[in-house]
Amino acid sequence: MSESQLPAMTSHRPYLLRALYEWIVDNGMTPHILVDATGQGVRVPPHTVNEGRVVLNIAERAVARLEMDNESVRFTARFGGVSQSVLVPVAAVLAVYARETGQGMVLPDDIAGHPPEPGEDADPPTDDGEAGPPDDDPPPRRGHLRVVK
């Protein structure tokens, strides 16, 4: 079965995020996420952003009403003594790690063949303007892992 014949699957990123969060909490550590604050739909206090990124403590003792689903991470937290609502689409989460040890994971990009994200074309237009698959198959994407410290 070729890659183009594989059934489309949902993104694996939210599942990895939730699993790593649970692993960190189960080990008595403090889960943090690294977020691309320039990503579409990200709502974080602007003063927390540094060079387009923000690190957020998502431990139960640090946030209220934490929700992690397949689309986003949502919670309320106090920043400078002021309670603020935070929304981070899963696509903007770059990594999840334990503050105490730095152990965690940089979240990989979605695998080729994933269903299109909102606003993304399933089949890019060809030169004649009609939608269709590209002529050349891109090379398969290789997995990559990096240690987050």
I'd like to verify a number: residues in region 17-37 that are under 18 Å from the mean Cα position of the chain (by Cα) and small (G, A, S), how many?
2
Conditions (1) out of contact with any Gly (no Cβ under 7 Å at 6 or more places or on another chain); (2) open to solvent by 50 Å² or more (accessible area, probe 1.4 Å); (3) outside any strand (DSSP E or B) -> T38 fails only (1)
Of (1) open to solvent by 40 Å² or more (accessible area, probe 1.4 Å); (2) at pLDDT below 50, G132 satisfies all except one. Which?
(1)
With the condition kept exactly as written, say whether any residue in region 47-62 is at negative phi, of a type outside the set (A, V, I, L, M, F, W, C) and touching a Phe, Trp or Tyr at 6+ places or on another chain (Cβ under 7 Å).
yes
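Here's the yes/no breakdown for (1) part of a helix (DSSP H, G or I); (2) touching a Lys or Arg at 6+ places or on another chain (Cβ under 6 Å); (3) open to solvent by 100 Å² or more (accessible area, probe 1.4 Å); (4) at pLDDT below 95:
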position: S4; (1), (2), (3), (4): yes, no, yes, yes
position: T10; (1), (2), (3), (4): no, no, no, yes
position: L16; (1), (2), (3), (4): yes, no, no, no
position: W23; (1), (2), (3), (4): yes, no, yes, no
Among the residues listed as V96, V54, the single one being assigned to a strand (DSSP E or B), open to solvent by less than 30 Å² (accessible area, probe 1.4 Å) and touching a Pro at 6+ places or on another chain (Cβ under 8 Å):
V96
Which listed residue is under 15 Å from V25 (Cβ atoms), open to solvent by 30 Å² or more (accessible area, probe 1.4 Å), free of Cβ contacts under 8 Å to residues at least 60 places away in the same chain and basic (K, R), from R43, R78, R61:
R61
Residue check: is D123 under 30 Å from A8 (Cβ atoms), acidic (D, E), open to solvent by 80 Å² or more (accessible area, probe 1.4 Å) and at pLDDT below 95?
no
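The values are calculated or read from the model by the stated rules, or taken from the named source; none is laboratory data. Because the structure is a prediction, the values reported are computed rather than measured. Positions of Cβ are backbone-derived with ideal geometry, glycine not excepted, and every protein chain shown enters the neighbour counts. Each accessible area value is taken on the protein alone, full model and side chains, heavy atoms only, with ligands, DNA and RNA left out. Shrake-Rupley method; radii C 1.70, N 1.55, O 1.52, S 1.80 Å.
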